[in-house]
Structure formats: structure tokens, C-alpha cells
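Undergrad: Can you read through this structure? Questions will come right after.
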Amino acid sequence: MTGVAIIGAGMHRFGRTEGVPGRAQAVHAARAALADAGLRFSDMGFGFGGSHSAGDADTLVSELGLTGLPFINVHNGCATGGSALIAAQAAIASGAHDLGIVIGFDKHPRGAFDTDPADHGIGSWYGETGLMVTTQFFGMKIQRYLHEHDMDPDLLALVAEKAFRNGAANPMAWRRKELGAAEIAASTMISDPLTQYMYCSPGEGAVALVLCRADRAREHTDRPVFLRGAAFRSRRYGSFEVFSPWLATDRADSPTVEAARAVFEQAGIAPSEVDLAQVQDTESGAELMHMAETGLCADGEQDELIRSGATAVDGRLPVNTDGGCLANGEPIGASGLRQVHENVLQLRGEAGPRQVPGGPRVGFTHVYGAPGISACTVLTR
């Protein structure tokens, strides 16, 4: 098995880009990643990519180049980007290919995601009760978590305040206006204790990454970022996940716990060695819970970390340095790759005004989605 490196990264800004199809955004990101790597599409040995609402990734070859490469569509909900990256890692680590590209993109219509319960093997009653609207699930889950660990709901506004502050420093983010905790807490209540500005929104955007064998990375760039580990897990009996129609009496670890544990073991790196982390923040409560589920802290320690500023860009454990889903929105196919793109910039020292100081060396990413799936990566320079 050989190591894998990321040698090129490209992105189309997230948010709403009227008149620009999702496919065009994907092509923009792919060309930017190829230019960053100093390569052409004809140099690629394979492609993996996916989108939820904007078309089939494999058809992008019409614009990028009809070179005959194997390009495989990946569709796995919010973990689409992470799944495509894991597939690409395997293709290179196995020795099957030396170079390849991963593309994630989407262009969602305005409003909440419209998901049919039948697509997840659930009866229509689940939708009729309102639980297919994920705001309900997230509200219930964070209420329970705050109660179990004796934490104050005001932490949720502080998480969102940090997200918008980081987003304001990110030219690729959708929401680039800082909001104070008081304004966030006073915004429209959606699902107690989560208010309007504590939730992300479906949006648009695209990200592409060029990968190669680690031992050949410096042939292409003097600033490679190494993919030390990538892991994916689905839910077990007893874990409480989005689109779960019931809750078991026995409790089990979430797929996030298992994916994070697996990726740190694979990378040979401990959570305590992480210099910055991008974790799924579909809403403020998700960031708070996932910090503990990924092993970055213990349950309940988030209170001190958040209030002390430890999770800020200049803190000892920066979290969601690009503004996360709260500031960027969530184009499903691109969201997981956005996290990796941000860590690539940070590890290169190219993140501009949101750059983590001190020369970070280890980055972690975590994406979570329906119906209870999680993908994590560890990156180093």
C-alpha cells in the first residue's frame, strides 16, 4: 500500500450564484484544482465525484476532456464528498492509479430539503408527523445532549457567532456578515433551543481535489498535503441518528465516534495532536456534539473550550475555520470536500485572514449526514 497526497485544490464559491448551473461550478472548481497542481485533465488516471441535485458528475468530461478515463459517480447523501475522497484514496493506495481527481458539487433549490420517507425505508407516517424536517430531529437531539451534560443553551449562540465571524474572513463563504450572539439568540425560534441563525441552509458550490501517490507528490508541488487517513461508518443498532424512526433502549456509539476512532488509528495520530478541525455543523448543536464524538474533547468540556475562545481561529483548537456549514451553507455533494479544501489551505499557510497561527501540521475533518453516516479524514503537511 502506498501513501496518498493532495497536490491540487480548487473551489467555486458557496452560496447562490444566479445563472450559473451546478455543473459549471464543478468545472470551475476542477480547472482551478488542476491549475493548482500544474496538471491537465488528460493527466488524470481516474475521477470520482457526486452531486445530489445538480446532475451526474461523470458527464463533466464533456467540458473537462473526453480522455476515456474511468469516472465514477458517488452519491451518499451529506457524505458524498467524503465517500468520493475515500474511493480515490483506495484507488491510489492500492496501486491501481498514480493520479486522479475528486469533484463534489451541488445547486439546491431554495427552501428546506424535500425528502421522501420511502427513500429511507420509512413509512409515510414519519413525514406526516413532521420528523422528515431535520430541524425537528436536531432540536430534540441537542436538547437531550445539553440536559445530559448540564450545559447552558447559550453556548449554541456562541458557536454560531464564531461561524459567522470566520465566514466574514472567507471570500468563498456565503454568509459574510458577522452576527453577535445576542442577535443570533433572539432570531426566530425554529426548533427549541435552535433559532434561525443557528441553522445552515441548502445552497450551491463546488470543490475539486487532485490526488497522487505520496512518494511522487513533490514531482508536482513543493507543498503537498498528505492524506494520512480516511474512514467511513454507518450507524449501528442503538445509535440515535437523523431519519431514525425509533430509539432503542440500548445505546450504541454513533457512526461519528466509530469513524473518528478508525481514522485516528489509521493515521497513527491522536486527537490531542490535531491543530485544527472542520466538523459537521448543520446547526450549532451539531458542532458542539461532534467535538466530543470525534474525540477532540470529552462530553461537557465544550463549555470551557467555547467560552474561553479555544475554538476560535487563534485558539488552541480552532474549529470550522472557514465558517463551517453555518456560514457556507450546505451544497450536499461539495460540503465534505469543502472541509478538506479548507484544511489544505490552512496546512499550506494560505488561508489569509483566517489563517491559524503557528504553522499547523495536523488537520481533521468530519462530515455527518442522513440516515446516520459519517466520514472523517486526517491530513498532515
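Undergrad: Compute the Kirkwood hydrodynamic radius of segment 1-119, taking the inverse of the mean of 1/r over all pairs of distinct Cα atoms, and give it in Å to one decimal.
TA: For segment 1-119, inverting the mean 1/r across all distinct Cα pairs yields 15.0 Å.
Undergrad: Sticking with this structure for a sec: With N residues in segment 38-101, what two-decimal value do you get for its Cα radius of gyration over 2.2 N^0.38 Å?
TA: In units of the globular-protein estimate, segment 38-101 measures up at 1.09.
Undergrad: Can you give me the Rg/Rh ratio for segment 90-188, using Cα atoms for both radii and the Kirkwood formula for Rh?
TA: Using only Cα positions, Rg/Rh for segment 90-188 is 1.10.
Undergrad: Tell me the trypsin sites (Lys or Arg not before Pro) within segment 189-253 that lie in a loop according to DSSP and have at most 12 other beta-carbon atoms within 10 Å.
TA: Arg251
Undergrad: Oh, and also: Carbon-plus-sulfur fraction of the accessible area of segment 1-49, 1.4 Å probe, in percent?
TA: The C+S portion of the solvent-accessible surface of segment 1-49 is 53 percent.
Undergrad: Still on this structure, please answer the following. In whole Å, what is the distance between the alpha-carbon centres of segment 40-95 and segment 314-381?
TA: 21
Undergrad: Now a separate question. How large is the direction-averaged shadow of the alpha-carbon convex hull of segment 225-379, in nm²?
TA: 8.9
Undergrad: Taking Rh as the Kirkwood radius computed over C-alpha pairs, what is the Stokes-Einstein D of segment 157-283 at 25 °C in a medium of viscosity 0.890 mPa s, expressed in µm² per second?
TA: 133
Undergrad: Turning to a different aspect of this structure: On alpha-carbon atoms, Rg over Rh for the chain using Kirkwood Rh?
TA: 0.95
Undergrad: Continuing with this model, one more query. Give me the compactness ratio for segment 145-219, meaning the Cα radius of gyration over 2.2 N^0.38 Å.
TA: Normalised Rg, Cα atoms only: 1.58.
Undergrad: Relative to the present Cα-Cα distance, how much length would full extension add between Leu66 and Ala298 at 0.36 nm per residue of separation?
TA: My answer for the length gained is 78.5 nm.
The values are calculated or read from the model by the stated rules, or taken from the named source; none is laboratory data. These figures come from a predicted structure and were not determined experimentally. A quick note on method: Cβ atoms are made from the backbone with ideal geometry, for glycine too, and the neighbour counts reach across all protein chains shown. To get the accessible areas, we keep the full protein, side chains included, count just its heavy atoms, and leave off ligands, DNA and RNA. Shrake-Rupley method; radii C 1.70, N 1.55, O 1.52, S 1.80 Å.
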